[in-house]
Structures are given as C-alpha cells and as structure tokens.
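The block underneath contains the structure these notes are about, expressed in structure tokens.
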Amino acid sequence: NAGVTQTPKFQVLKTGQSMTLQCAQDMNHEYMSWYRQDPGMGLRLIHYSVGAGITDQGEVPNGYNVSRSTTEDFPLRLLSAAPSQTSVYFCASSYVGTQYFGPGTRLLVL
Amino acid sequence: EDQVTQSPEALRLQEGESSSLNCSYTVSGLRGLFWYRQDPGKGPEFLFTLYSAGEEKEKERLKATLTKKESFLHITAPKPEDSATYLCAVQLIGTGNQFYFGTGTSLTVIP
C-alpha cells in the first residue's frame, strides 16, 4: 500500500513552459486535492475532486488545470509556467475528512 | 472572512519542558478541526480530528483540545523527535472537501 505518490520530486521550468505534476493514490479514496505551500502562507487549495469526472476550483486556481479520469489519478497541469508558481505542491486524498498527503513536488520557475 | 491563525510561529523547548500550541479560528460553521505534523521536506502527516467543543484526543505525548473559538495542541515532556512543524486546518460546513490551513508552528525540542 503506497498511499499517495507524486512525481517528479523536483522540477525546474522556464517561464512559459508547461508541465504536468502527477499524483496517484491506491486507497480508493473519492476525494483528492492539490495544494501549494509557500513560506508564511500555509497550504492553499488549488483544485479538488470529489470523484472521477468531477473537479472544482479551490482558493488559488488561476494558471492550473486538473482532470480526474480515474479514482486513482489526479494530475495537475501548469499551462504556461510563471515565476509566481515557484512553490512546493502537495497532493492529498481523503476519506471522512482525514487527508493523506503525498511527499510533494518542489517546483522552481525561472 | 474565514480565518485560521496559529501561534506562536516558532517555539523552542528543552527536552521535558511541556507547552501548548494554539490554533484560533473565526469561521462561519466548523465541520471539523484537524492537526497535522510536517517534517522538513515531507508532506503533512495526520494527527487528530476534533468535531465539537469539549472534545479531546490523545496520542503519546500529544493531546488536542477544542473550544468554540480555538484548539490547543498540548505537548507533555517533549523529546527531540517531536521537533516538526505542526499545522492545523479547518473544514467548514457546506464546503465539501475544502480545508483551510493555518501557517503552522515550528517546534524545536533541544536535548
């Protein structure tokens, strides 16, 4: 039981490039979320999903897209990276409110 | 506006010196309050969920309590391995799977 896995662990992008952060869970949880964590700001919700085919925006959705085609996977896409998207990104899946987080992806946009 | 505030931002304790971390919240309707531990370079790890004022949960040297306006995480006789950042988060009624996090308390326990 791997829990929540995220890839890559670290990525450097140039402004304007696109990329997809991968997230997978093997706990059969319906709820999945993406957060970004910045110094002094705490964890902020980007997008979330309540099940396959259903997604919604969180607190800071601009510049990010998500889709949920299966229960297990919830990728986060950056369409045109900006330096303001430099952050640590965490994916989480949850059951009855308790969230289980992945190890994070550290993203640097130059 | 819904807000979650944690204090202090940082706390240094001698091993064995008990203390408390605070999480105060001003929200329209609390569904649940969650405590997490986060080690450097890792994702948050779930500790406790509290749902109603007066509720308490314990795990080893940690005890979490909840009132109508705040939650405390009490650390009794801490050890160096308790050093971490402790996060609290609230889940609001009617928001489904949305959680709002505080900025955390960085705890250092000195041997």
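The values are calculated or read from the model by the stated rules, or taken from the named source; none is laboratory data. All figures in this text were calculated on a predicted structure; none of them were measured in a lab. Please note: Cβ atoms are built from the backbone with ideal geometry, for glycine as well, and neighbour counts cover all protein chains shown.
The residue that is surrounded by the most Cβ atoms within 10 Å (Cβ to Cβ), among those in the stretch B:60-111 that are over 13 Å from the mean Cα position of the chain (by Cα) and part of a strand (DSSP E or B), is B:Phe99. Report yes if B:Arg61 is within 22 Å of A:Ser94 (Cα to Cα), more than 10 Å from chain A (Cβ to nearest Cβ), among the charged types (D, E, K, R) and in contact with a helix residue (DSSP H, G or I) (Cβ under 9 Å, 6 or more places away or on another chain), otherwise no. In short, no.
Could you please let me know if A:Ala92 is away from chain B (no Cβ under 14 Å), touching a residue at least 40 places away in the same chain (Cβ under 8 Å) and not acidic (Asp, Glu)? Even if it seems obvious, please write down each step before you answer.
Working: away from chain B (no Cβ under 14 Å): no; touching a residue at least 40 places away in the same chain (Cβ under 8 Å): yes; not acidic (Asp, Glu): yes.
No, not satisfied.
Can you tell me which residues in the stretch B:39-59 are part of a loop (DSSP other than H, G, I, E, B), surrounded by fewer than 19 Cβ atoms within 10 Å (Cβ to Cβ) and not basic (Lys, Arg)?
Within the stretch B:39-59, the first condition is being part of a loop (DSSP other than H, G, I, E, B), and the residues that meet it are B:39-44, B:51-55.
Those left that are additionally surrounded by fewer than 19 Cβ atoms within 10 Å (Cβ to Cβ): B:39-42, B:51-55.
B:Asp39, B:Pro40, B:Gly41, B:Tyr51, B:Ser52, B:Ala53, B:Gly54, B:Glu55, listed by residue number.
Scoring A:Tyr31 on the criteria (1) closer than 24 Å to B:Thr85 by Cα; (2) surrounded by 16 or more Cβ atoms within 10 Å (Cβ to Cβ); (3) at pLDDT below 95; (4) of a type outside the set (S, T, N, Q) leaves a single failure, condition (1). Scan the stretch B:67-103 residue by residue and report those that are within 14 Å of chain A (Cβ to nearest Cβ) and free of Cβ contacts under 8 Å to residues at least 60 places away in the same chain. Listed by number, the residues that qualify are B:Ala84, B:Thr85, B:Gly96, B:Asn97, B:Gln98. Restricted to strands (runs of 3 or more DSSP E) entirely inside the stretch A:1-86, those with at least 3 residues that are away from every other protein chain (no Cβ under 14 Å) are A:10-13, A:19-25, A:76-78. Name the single residue that is farthest from the chain's Cα centre (by Cα) among those in the stretch A:71-89 being buried (at least 21 other Cβ atoms within 10 Å of the Cβ) and touching a residue at least 60 places away in the same chain (Cβ under 8 Å). That would be A:Ala81.
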